[in-house]
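This report refers to the structure that appears directly beneath it.
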Amino acid sequence: MNSILSYLREPIQKTWHFWLYAFGIVYLTFPYLRLFEEPGFGLDPSWQIALNLLRGKQGIWGSDFVFTYGPLGSYIYRLPILVPAWKQLLYDGFFFLNLIYFHATCFPKQAKYYHLIVFFCFNLFSFEMIGETTAFLWMFLGMYHGFVALYAESTCKRVASLALSFLLLGIIFFSKANYGIIVWAFLAGLIVVMVIQKRLSWWLGVLFVGLFVVALMAWAQYLDTNLFLYFKTSLHIIANYNAGMSVFPDAFEKMTAATYGVFLLQVVFTLYLVMYAPKQAWSEYFLLATGLGISFVLLKYSFVRADSGHFTAYVKLMTYVGLLIVAHSTLLAMRRIYLLLMPVLFALYVYLYVPLVGFTALGLWHGIKYRPYILANYFQGKREPAPAGQRLPETFLKRIAKHSVDVIPYEVSWVNTHKLNYAPRPTLQSYLAGDRYLDSLNEVYFASKKAPDFVIYGLEKSSLKYPWSEESFTQKALLMHYEIVDSNDSMLLFARKPQHRKLRLVFTRYARHSLGKEIKLGVLQAGYLRESTFETAYSSQGNLVNLLFQPPQLMAELKSGNVRERIRVAPNLLKKGFWSNNLILNLAQAKKFYSGTSDSSNTLESIKFSEGQFFHGGFKPVILVTHRYYRIE
């Protein structure tokens, strides 16, 4: 036993031991056991299908195509739709090699054999490289190459690592738009630190910035991307997505408090050691600031949408931040704190997270058994997906035939199942068109000559929002330029009929109301529509909660006769406005709206806003209300 312990404490002398370890851990945890995943149906499979279908469409990302993912996003979800196998092999292979490089080189100086065992256990715990986690790892690996450049002794390694950092950060930028601010801010800060520490001369730093800008513009041109609009729309989507999609189940309170407590301790210990340690090089401060920045991003990502697909991000992926700090920090106490942090997060996961969502099965034996056959799949060519999910009615299919079609709110799996001629609106799915700018892109599209001949329409059922408040501008375009030609209990089929109706604005009324007070709306004459906007504002406490945790929640009580519907509403959708003539909770009521046959049976008489149950004081007490009245002609 003593001899084994002595061996484990010995420094690792042979480089190939690091590479063998890295290959082993990546081979065991790399998630892809087959080349393509067959698409299903529902919200997530639908937007994944849409990303692949866009590969065959002419258009510009940022104006014609607007989504949380970008032109390279289809490679992450690996659907067998318009993706050549050899391109997927290059994408996956590059990812695989970069993971190996990280795991082989991210060790402290004079690493000992016990580090291999400790790091192996932590990496097994953290692996969950599917979907969003893969996107995070692309970003993290790009940042890691940046730190390799920062600490490199030779000029060649420094330049090569900077180039690799740009390449990986560019891949994630064009794969997942909302990482754009993070990755380019990191790269700019990295170059500044390298110039300050004389790792780069000032003119070489300027040259690198210039080359990266030119390369990014050329890359965007190749991928049919308008850089400015791609960046702008991603900011809109981030803001609206956070406000409209955040959830917080009651059962998560204890777990959330404990997780934030661990993060707070991480921040406090880091700042304490930095303040009381001797003055460090700029690279040390940049490393620690990046570690805290990534930690905060993971924490926000976990709890902005506190569901099973998101909220384990901090406790799992912090392993990578810990390994980075342990490998490169010059402060011994800092390395020890982050080394201790990893088992603390594991304990937090086991005792608080697992009882709520279950334990993620490692599936190591399954991977050992089947992963050797994966390479053969890359050379079998493109596979056709098996039809799955609900099928459209035959009457719909006969009418649509080869004509162009879009789907509202999101079920694009129908397009894939029936091989329809997809003509997507710019903001691809209804829940993303959360403000006037994004929704107006769709409104203009449906009024243009590029609009689809048909629209398959459904009304989403959700307890987290008022679905009728989504895409109100798009609803206006459908009302004016389309008519219902077929329907069943779950969907409507619209056919294009330009200038089918006209809406003329006849009157606008402004008012101020208090939060918590009933806002009476009144009954309209036949032939008129009312668009109502309700502008709320966060208080200073609300802004702080929004920054550190998630947006404060707002509830609405909608009254129609004896019906009182209490439902969560998104402030961004209220500010955009919705058609408030009637309380519309189902497809039959929506059909009456579009066909012009609405009656007084579901008139929306009043609405009252109040704060959600988890945090009070998040909103200012005044609501600015605007009613716009239109005459249907």
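At 0.36 nm per residue, and after removing the present C-alpha to C-alpha distance, how many nm does the segment from A188 to I238 gain when stretched out fully?
15.8 nm is the gain from fully extending A188 to I238.
Using unit Cβ charges (K, R positive; D, E negative) and no other charged atoms, how large, in debye to the nearest 20, is the dipole of the chain about its Cα centre? Present the calculation step by step, with values, prior to reporting the outcome.
On the way: 60 positive and 37 negative charges, 138 e Å.
Using Cβ point charges on Lys, Arg, Asp and Glu, the chain gives about 660 debye.
Work out from phi, with θ = phi - 60° and the Karplus expression 6.51 cos²θ - 1.76 cosθ + 1.60, the ³J(HN,Hα) of each residue of segment 418-432, listed in order in whole Hz, and give x for Gly and Pro.
9, 6, 7, 7, 6, 10, x, 5, x, 7, 5, 9, 4, 5, 8
Between S6 and L264, what is the spin-label point distance in nm, taking each point 7 Å from the Cα along the Cα→C-beta axis?
4.8 nm
Would you calculate the separation in nanometres between label points at K517 and F231, each defined as 7 Å from the Cα along the Cα-to-beta-carbon direction?
Label-label distance for K517 and F231, simple model: 4.4 nm.
Which cross-chain or sequence-distant (5 or more) residues have an amide H under 5 Å from the amide H of K465, H modelled 1.01 Å from N in plane?
R568
Which ³J(HN,Hα) values in Hz, rounded to whole numbers, follow from the phi angles of segment 105-116 under the Karplus curve 6.51 cos²θ - 1.76 cosθ + 1.60, where θ = phi - 60° and Gly and Pro get x?
For segment 105-116, the Karplus-derived couplings read 10, 8, 10, x, 4, 6, 4, 10, 5, 5, 4, 4 Hz, x marking Gly and Pro.
Among F30, L90, A376, whose Cα lies farthest out toward the positive end of the dipole of the chain, if unit charges sit on the beta carbon of Lys, Arg (+1) and Asp, Glu (-1)?
Comparing the listed Cα positions along the dipole, L90 ranks first.
To the nearest 500 deg cm²/dmol, what mean residue ellipticity at 222 nm is calculated for the chain from DSSP H runs of n ≥ 4 alone, each contributing -39,500 (n - 2.57), summed and divided by the residues?
Theoretical 222 nm ellipticity from helices: -16000 deg cm²/dmol.
Can you tell me, using C-alpha contacts under 8 Å and at least 6 residues apart, the relative contact order of the chain as a whole percent? Don't skip to the answer; put the middle values down first.
Working: 994 pairs, mean separation 95.5, N = 633.
Contact order relative to length: 15 percent.
Could you look at the chain and say what percent of its accessible area is carbon and sulfur, using a 1.4 Å probe and all protein chains?
Carbon-and-sulfur percentage of accessible area, whole number: 63.
Which of G293, Q266, N416 sits closest to the plus end of the dipole of the chain, meaning its Cα is farthest towards the positive end, when Lys and Arg get +1 and Asp and Glu get -1 on the C-beta?
Final value for the positive-end residue is G293.
Put +1 on the Cβ of each Lys and Arg and -1 on the Cβ of each Asp and Glu in the chain; which of S514, L529, V209 then has its Cα farthest toward the positive end of the dipole?
Highest projection toward the positive end goes to V209.
Over segment 263-356, what is the relative contact order in percent, taking alpha-carbon pairs closer than 8 angstrom and at least six residues apart?
Relative contact order here is 25 percent.
Place the peptides 391-401, 64-74 in order of packing, highest mean first, counting for every residue the other Cβ atoms within 10 Å and averaging per peptide.
64-74, 391-401
Volume per residue, Å³, of the convex hull around the alpha-carbon atoms of segment 566-627?
Expressed per residue, the convex hull around the Cα atoms of segment 566-627 is 114 Å³.
What are the residues whose amide H is under 5 Å from the amide H of T225, where those residues sit 5 or more places off or on another chain and H is modelled from the backbone?
W61
For mean projected area of the Cα convex hull in nm², which listed value, (i) 31.4; (ii) 37.7; (iii) 29.3, comes from the coordinates shown?
(i)
Send over the semi-axes of segment 40-97's equivalent ellipsoid, whole angstrom and largest first, taken as the square roots of 5 times the C-alpha gyration tensor eigenvalues.
20, 14, 11
Report ³J(HN,Hα) in whole Hz for each residue of segment 337-353, in order, from the Karplus equation J = 6.51 cos²θ - 1.76 cosθ + 1.60 where θ = phi - 60°; Gly and Pro get x.
Once rounded to whole Hz, the list reads 4, 6, 5, 6, 4, 5, x, 4, 5, 4, 5, 4, 5, 5, 8, 10, 7.
Please tell me which of these pairs span more than 28 angstrom C-alpha to C-alpha: K419/K576; K450/K476; K254/K465? Walk me through the numbers on the way to the answer.
Values: K419/K576 34 Å; K450/K476 17 Å; K254/K465 25 Å.
Distance filter (> 28 Å) returns K419/K576.
List the residues, sorted by chain then number, that are 5 or more residues from D486 or on another chain and whose placed amide H is less than 5 Å from its amide H.
L493
How much length would be gained if the chain were fully extended between A277 and Y114, taking 0.36 nm per residue of separation minus their Cα-Cα distance, in nm to one decimal?
Result for the pair: 55.9 nm of gain on full extension.
The values are calculated or read from the model by the stated rules, or taken from the named source; none is laboratory data. Being a predicted model, the structure only gives us computed values, none of them experimental. Cβ atoms come from the backbone with ideal geometry, glycine included; neighbour counts cover every protein chain shown. The accessibility values were calculated without ligands, DNA or RNA, using every heavy atom of the protein model including side chains. Shrake-Rupley method; radii C 1.70, N 1.55, O 1.52, S 1.80 Å.
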